[in-house]
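Encoded as structure tokens, the structure appears first; notes follow it.
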Amino acid sequence: MLKSTLPRLQALAKNTLKHGRIRRFGPSLTKVTQLKLKRAAAPPLQSSPSLKALPVSRPVYVSLTTPLHSKEQAEDQLVALNPTVFHQPIRRDILHLCVIQYRDSLRQGSANTKTRGEVRGSGRKIRPQKGSGRARLGDAQSPMLRGGGVAFGPKPRDFSTKLPRKVIQMGMRVALSSKVQDSNLGVMETLDWPTGKTRELARKIEALKLKNTLFITGEDEAPIMLQRAMRNVPMVRLTTSKQVNIYDMLKWPRVMLDTKAVDFFEQTLGKAHQQ
């Protein structure tokens, strides 16, 4: 059987190559189609390597704010900020995810109710099953009765959610960029304060028009004198760059950084550092 079929297949293949199409085993292939198939099967030509020029991102310039401890008005100076941190497209969806994740972690989740098995009392049947003409009842802890257990009531649980680390870092970059875009981000050389007097600091903040401002320092701990003096000043807050979160960054209308905080954000959130 195989010996008699083989010559027929060979003849059919020769006929196919001769006339340029297959009549029996599949759709027709013209000579143009065969030429296209040969070109597609041919290996691509190796082009010479070329260097791709990446777009150069310009730094963001912010005017330097007068320090708190300085009595004189500072000269007009500019601070160059890394555009990969302080000049990112505004992603409201990323900010929404980060805010929801932070607020989920603040929920206590301590609501608790007792089931019918946890309510104190006897398990005796209240009345006989039949004969009274009334509804069937079990023990006094039934959820249908007053003082009984709660059916499907809340129990203590954890409401916290998780986000990828890169999403949180992107949210912080977007939050900083939004403050720069709205001209609500300032930079000081330092956040030192010599005394712990609240009155003098309140006058200085009023003179610099820094109410409703979140002060962020790059130190491991906030300066003690400034922390003590700012504790009773309304509408201001002091924190560190390691403790600040995206929710606080968006909540406060204005953000004030010192130079160490700028260096911290550029080192931890910069694209070159992550690569």
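Most tightly packed first, judged by the mean number of other beta-carbon atoms within 10 Å of their residues, the peptides 152-160, 251-259 read 251-259, 152-160.
Sparse packing (at most 14 other Cβ atoms within 10 Å of the Cβ) combined with a DSSP loop state is found for the following trypsin sites (Lys or Arg not before Pro) in region 83-113: Arg107. Here is the link list: Lys242/Lys271; Lys162/Lys211; Lys204/Lys271; Lys179/Lys209; Lys155/Lys251; Lys166/Lys260. Which ones come out longer than 28 Å on Cα distance? Violating the 28 Å limit, Cα to Cα: Lys162/Lys211; Lys204/Lys271; Lys155/Lys251.
Accessible area per residue for region 85-140 is 79 Å², calculated with a 1.4 Å probe on protein heavy atoms, without ligands, DNA or RNA.
The H on the amide N of Leu64, modeled in the peptide plane, is under 5 Å from the matching H of Gln77, Leu78, Val79, each at least 5 residues off or on a different chain.
Packing-based ranking of 213-226, 112-125, 231-244 yields 213-226, 231-244, 112-125, ordered from highest to lowest mean Cβ neighbour count within 10 Å.
Compute the separation of the alpha-carbon centres of region 117-163 and region 72-112 and state it in Å as a whole number. Region 117-163 and region 72-112 have Cα centres spaced 47 Å from each other.
In angstrom, the C-alpha Rg and Dmax of region 167-259 are 13.0, 41.
The values are calculated or read from the model by the stated rules, or taken from the named source; none is laboratory data. As the structure is a prediction and not an experimental result, all values here were calculated from the model. Ideal geometry is used to build each Cβ from the backbone, glycine not excepted, and the neighbour counts take in all protein chains shown. The area values use the complete protein model at the heavy-atom level, side chains included, leaving out ligands, DNA and RNA. Shrake-Rupley method; radii C 1.70, N 1.55, O 1.52, S 1.80 Å.
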